[in-house]
Amino acid sequence: MALSFRQKYQLRRFLWIVIVGTGIGFIYTLTEDGWDHIALVNGTSAGFIIGILVAYLELFVFTSSLRKFSFLYLFLLRLAIYFAIALVVTLVLFVVSRAIRYELNLRAVWFTQEFQTYLHND
């Protein structure tokens, strides 16, 4: 089954958003943490996951059907959703990577001093 022109266009846009998100995650982590391998994997993974979610939302959720709402409403809605996505993805990746690194269960990582410091200081 061949893809239509519109489907190919949407797929290209989707892939570019994911590639850019992944690249931003990698570059940001590289500038913040240097060549720390675990940080680079976490940052690149976060960029990839956030890129997929943003691409999906922009291409399939925030479509012309939402044009009836004001610009300010849509801006604030997107801001809140993207902030929540970034927060959740970052926290989940932090907990999962620490659980793997220290061979702990996810609940145990939540109560470590490192995670509590990360929550309250970073």
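The values are calculated or read from the model by the stated rules, or taken from the named source; none is laboratory data. As the structure is a computational prediction, the values presented were derived from the model and not from experiment. Reconstructed Cβ throughout: ideal geometry from the backbone, glycine too, with neighbour counts over all protein chains shown. For accessibility, only protein heavy atoms count, side chains too; no ligands or nucleic acids. Shrake-Rupley method; radii C 1.70, N 1.55, O 1.52, S 1.80 Å.
Structure notes:
- Think of the chain as a dipole: +1 on every Lys or Arg Cβ, -1 on every Asp or Glu Cβ, centred on the Cα centre; then among GLY23, SER65, HIS120, SER65 lies furthest on the positive end.
- What you get for the chain, charging only the Cβ of Lys and Arg (+1) and of Asp and Glu (-1), is a dipole of about 820 debye around the Cα centre.
- Solvent-accessible area per residue, Å², over the range 65-104 with all protein chains present [probe radius 1.4 Å]: 74
- Each Lys or Arg adds one and each Asp or Glu subtracts one; over the other residues with Cβ under 13 Å from the Cβ of ARG101, this totals -2.
- Of the solvent-accessible surface of the range 1-100, computed with a 1.4 Å probe over protein heavy atoms with every protein chain present, carbon and sulfur atoms account for 75 percent.
- Calculated mean projected area of the Cα convex hull in nm² (choose from [x] 8.2; [y] 10.6; [z] 9.3), label: [y]
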